[in-house]
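One structure below.
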Amino acid sequence: MSSTRELKGIYSALLTSFDQDGNINEKGVRQLVRYNIEVNKVDGLYVGGSTGENFLLGTDEKKRIFEIVKDEAKDEIALIGQVGSLNIKESCELARFVTDLGYDAMSAVTPFYYKFSFKEIKDYYNTIIAAGDLRMIVYSIPFLTGVNINVEQFGELFENQKICGVKFTAADFYLLERLRKAYPEHLIFAGFDEMMLSAAVLNVDGAIGSTFNVNGQRARQIFELAKAGRIEEARAIQHVTNDFISDVLANGLYGTLKICLQEAGVEAGVCRKPMGEFTPEQIARAKEIYAKYFK
Ligand code: MN9
């Protein structure tokens, strides 16, 4: 039976721990899951997204990560599996796989690289959904995919009853407001951590972010204060959060988050090529960033 768990709340977009040879470090992945549950206190994990370096992986590796995460998290938190890929047969196989593992929902990035028509995009979602038996969250991230979906087109996608929401990683607050008004029953997850407060004010249902792997506690505070109308307090925490995020972005996003986690005792490993290896200066800077915001 497919999950009926409520999906609202704060989700880390899970990092993947790789060893120096670019292989998945299972122990590290398990520690990342535990840290997110016990320290960041997230409501769920978004597995196999951009932050997981998913588009650098083979099918068996993607499956292995889905498996390890479920085995570690069990039913403690909600799990969303990102199965989108340019290889739609792979996406269908992964949709089936996360369904069988007992994930709570799946998600798929809008197909990118080629300039697909909206009809092709709609067909992609309907095909993947039919292959599994889970709710689907559209992963919209126009700055990386080049794919823009407008309010009416979201409505067309939502005609498929299995599509329950969208991970909205864009700075277009007008579109976000229009979506909120037009589709009050659908779930909207904010995807840019540095804009979480503004999204929360527009009444999104949750947020999915890479920086929550390290900064999950502040993220939750921002979200909950904003929902309670305590905007000044939320803004103060967003300011500190954005000092942290801008330092992280300047030094290299995923690599810096991984070193911060190493500092916290988590075997987060390194990034996989073609992501570059960190220089000693970047490593030192990442440690400084951790000390500045978390000690
Ligand atoms: O989707 C993440 N996007 C990417 C979520 O990693 C591409 C965000 O959490 C950003 O990493 C974060 C920093 O810009 O907001």
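Surface exposure of the chain, expressed per residue as accessible area with a 1.4 Å probe, stands at 44 Å².
Between the range 261-276 and the range 163-188, what is the separation of their alpha carbon centroids in Å? So the separation of the two Cα centres works out to 32 Å.
The accessible surface of the range 41-96, taken with every protein chain in place and a 1.4 Å probe, is 48 percent carbon and sulfur.
Volume per residue of the convex hull around the Cα atoms, evaluated for the range 183-290, comes out as 111 Å³. Figure note: PHE66, PHE278 ranked by solvent-accessible area, largest first, 1.4 Å probe, ligands and nucleic acids not counted: PHE278, PHE66.
When all alpha carbon pairs of the range 84-133 are counted in 10 Å bins from zero, the resulting P(r) reads 28, 55, 16, 2 %.
Note on the chain: with charges restricted to the Cβ of Lys and Arg (+1) and Asp and Glu (-1), its dipole about the Cα centre is near 260 debye.
The solvent-accessible area of CYS271, taken with every protein chain present and a 1.4 Å probe, is close to 30 Å². Relative to its residue count, the range 59-165 spans a Cα convex hull of 101 Å³ per residue. Only lysines eight or more places from LYS115 in sequence, or on another chain, were considered; those with a Cα closer than 23 Å are LYS89, LYS167.
Ranked from the most accessible area to the least, with a 1.4 Å probe and all protein chains present, what is the order of VAL201, VAL42?
Largest to smallest exposure gives the sequence VAL201, VAL42.
Rounded to the nearest 5, the antiparallel percentage of DSSP beta bridges internal to the chain is 5%. Across the chain, Cα-Cα pairs more than 35 Å apart make up 13 percent of the total. The share of accessible area on the range 195-239 that comes from carbon and sulfur is 49 percent, using a 1.4 angstrom probe. Projected over all directions and averaged, the alpha-carbon convex hull of the range 203-248 occupies 3.1 nm². Projecting the alpha carbon convex hull of the range 6-98 along each direction and taking the average yields 5.9 nm².
Among the listed pairs LYS74/LYS122; LYS119/LYS258; LYS258/LYS295; LYS41/LYS227, give every one whose C-alpha distance is greater than 27 Å.
Long pairs (Cα-Cα over 27 Å): LYS74/LYS122; LYS119/LYS258.
The values are calculated or read from the model by the stated rules, or taken from the named source; none is laboratory data. Predicted, not measured: the structure shown is a model, and the values here were computed from it. Neighbour counts run over all protein chains shown; Cβ positions are idealised from the backbone, glycine included. With ligands, DNA and RNA removed, areas are computed over all heavy atoms of the protein, side chains included. Shrake-Rupley method; radii C 1.70, N 1.55, O 1.52, S 1.80 Å.
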